[in-house]
Every structure is written in structure tokens, then in C-alpha cells.
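A.B. asks: Here it is: the structure, laid out below.
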Amino acid sequence: MKCKEFQKQISKLIDKELPGNYRDALFDHLQSCSECSRFYERAERIEMTLNAALRVAPDTALAQSVKDRIAQKRKGIVPEHSPVFWKRVPVYALVALLAVGVGNIAGKTLTQAFLDQSPETTLELLIPNGIEYVSDIFGDMNQGDQPK
Amino acid sequence: MPRFEQLTDEQILEEAQKGSEAHFDVLVERFTPHVYRLARGITNSHSEAEDVVQETFLRIFKNLDRYSSEKANFKTWALTIARNQSINTLASIKRKALQFFGDRDEDDPEPEFSFNPMSAESQDAETILSLKQRFGMLNQALKQIPERQKTALLLKSQENMSYDEIAKIMGVSVSSVESLIFRGRKKLLELMEK
Ligand SMILES: [Zn+2]
């Protein structure tokens with residue numbers, strides 16, 4: 001059997017998904033193959049890092065906010081947009097202003113510029129999620145390229 | 001709410017399906033961390049993950065009467081919805097980023113994982129430092145692996161789910177899960193252990 005097959009088994013062994021009857025052959029191979037032993041060692045180290053990393057926890061207010069929204073839904077008063085929509089209003093306003101400016105320079109009306117799309121769709125496409133305020137946009141532009 | 005603590009997810013769900021608001025709230029409390037973690041891992045964004053949590057529970061609420069515990073347990077069902085919502089969000093983030101910034105990547109300064117000193121109580125300072133560095137590398141590496149590989153790895157490592165459960169959530173075969181996790185691990189090895 002090729003080393004790649006043994007390495008697949010090692011991956012399953014780490015996940016406690018390898019059936020017992022495969023183990024003897026695998027451990028025999030590990031004793032004689034340095035490449036697979038090294039793979040096992042490194043893969044286990046990565047698994048330990050993943051497990052040791054603190055499991056990200058949400059803000060404690062999040063569950064309450066979900067419960068509140070469901071409660072509103074029960075009463076039939078939930079807005080169609082998620083609460084985040086309202087935080088984005090300042091940016092919508094900015095983009096609308098920019099759009100008017102661009103529209104004028106290009107000699108087009110807004111209706112022409114957005115002919116086949118509703119204004120909301122167009123604005124949605126222009127605004128990345130997570131950007132909530134004007135400073136977020138200009139802050140980003142000023143910083144230039146971020147390291148990956 | 002001590003009386004809820006003894007109930008299984010399915011028992012709580014049964015009451016929620018009968019219309020009990022209090023029981024549905026318990027489901028929200030129990031599963032918000034799981035849904036958030038998966039969404040955070042897939043979208044790489046705290047605020048997007050919070051949106052995914054909201055949308056996921058709204059969907060669960062709307063489709064409560066369609067759920068049957070014979071098909072899947074509640075966690076599997078909830079994480080299936082959460083993953084689909086996260087993928088939609090991810091696609092939308094990429095589309096919007098492309099429209100707005102050209103080919104630029106999303107920036108999210110918040111680390112995906114942070115260092116947990118409790119997990120390294122018995123380690124010496126040097127080991128702790130190297131663990132910290134490894135978490136940083138892990139964050140970067142996870143951003144570079146394909147969504148399907150990352151989701152399978154996260155469900156395994158964070159949620160401790162079996163290949164069978166992961167297969168149900170991702171709508172693929174168990175052997176595909178094996179392969180996704182294996183390829184994800186190899187990719188992480190390449191990125192982290194150069
Ligand atoms: Zn080998």
C-alpha cells in the first residue's frame with residue numbers, strides 16, 4: 001500500500017474514525033516509514049493547536065437578541081431586514097449622494113444609471129458587509145493593501 | 001432555568017414545536033455558540049457570524065413544524081441551516097468586495113482564535129509563546145483553505161462531530177468527508193509547517 005493511503009488512515013486515526021482492524025498494519029508501517037511518521041507527528045501537532053485554540057464564543061448579548069427577535073416575530077412585528085440593516089443607513093446615505101454626483105457627471109439620471117435594478121439592489125452590491133460608517137470606508141482606503 | 005437542564009435537545013424541541021416560547025429560548029441559548037462558531041469559521045467575520053445566527057434561528061423558528069428527529073438530531077439540523085446561511089453570506093461578501101474594491105480580500109482584524117492560557121497551564125513560557133505563534137499561523141492558514149475542507153475540519157475539531165454527522169450537515173458521503181478532512185489537513189500542514 002502506498003504512503004498516501006497510510007496517511008489517509010492516519011487522518012482517520014486522529015479523528016477516532018479508523019476501524020481497529022487497520023491499526024496493526026498502520027503501526028507496522030509507521031515503524032519503518034519516516035515520511036509517514038513525520039506526517040503523523042505534524043498532523044497531531046496541528047490537531048492539538050486546533051483543539052488548544054480557545055473556541056470562539058459569541059457575545060453573551062447575542063442569544064438575547066435572537067430571542068427578542070423571535071418574540072417580535074411571534075407578535076408579527078419583526079422587520080424584514082436584520083437589525084444590522086439599520087446600522088448601515090449612514091453608508092446608504094453616502095452612497096446615494098455619491099451616486100447622484102456620478103450620475104450628474106455622466107450626464108445620466110439616476111433612473112437611467114440603475115435602469116435594470118432597483119436602487120436597493122444596486123446599493124447592496126456596492127456596500128461590503130461589515131462596513132457601517134463612512135469612516136470605515138475612508139479608513140480602509142487610506143490604509144492601502146492590508147497584509148493577508 | 002434548572003428544570004430545563006435535565007431535558008434533552010429533542011425533548012425541548014418537542015415542547016417548542018407545541019408552541020412553548022420558553023423551550024424555544026432554551027434551544028437558542030444552547031445552540032447560539034455552536035452556530036456562531038461555525039459561521040465565524042466559514043465567514044471569517046464576527047459581524048457576519050452574528051447575522052448568520054439571527055437568520056439561522058429565524059429559519060429554525062419558521063420551519064419548526066417540519067423538523068423530525070427521525071431524520072437528524074437538532075444540532076445536525078441547526079448546523080446544516082447555519083452552514084447554508086454562511087455560504088450565502090460568504091458568496092455575498094465576495095461579490096460585494098469584488099464590486100467595491102476590485103480583487104481585494106476582506107479584512108477582518110479580529111483573530112478567529114485567541115489564545116487560551118488555561119489550555120496550556122502546565123506549559124513553560126517558551127511553549128506558550130510558540131503556541132501563540134501557532135494560533136496566529138493557524139488563523140492565516142484557515143483563511144486560505146477551501147470552504148468545504150475548512151467546514152469539515154471545523155465540525156470535527158470544534159464540534160467533535162463524527163464523519164457521519166458531518167456528512168449529513170454537508171450533504172455529502174462519509175468518504176467525501178474523509179477526503180475533505182484529509183486534504184484540509186494536508187493543506188494546513190503545507191501552510192503551517194513549511
Ligand atoms: Zn509511508
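A.B. asks: Can you run phi through the Karplus equation (6.51, -1.76, 1.60; θ = phi - 60°) for region B:43-56 and list ³J(HN,Hα) in whole Hz, with x for Gly and Pro?
C.D. replies: Values per residue, Gly and Pro as x: 8, 6, 9, 5, 5, 5, 4, 5, 4, 4, 4, 4, 5, 4 Hz.
A.B. asks: How many angstrom lie between the Cα centre of region A:1-59 and the Cα centre of region B:11-34?
C.D. replies: 37 Å
A.B. asks: Given B:K96/B:K132; A:K67/B:K132; A:K12/B:K143, which pairs have Cα atoms separated by over 31 Å? List each step's numbers first, then the result.
C.D. replies: On the way: B:K96/B:K132 33 Å; A:K67/B:K132 36 Å; A:K12/B:K143 23 Å.
Flagged as over cut-off: B:K96/B:K132; A:K67/B:K132.
Read-outs throughout are calculated quantities, based only on the coordinates presented, and are distinct from any laboratory measurement. Since this is a predicted model, take the numbers as computed values, not measurements.
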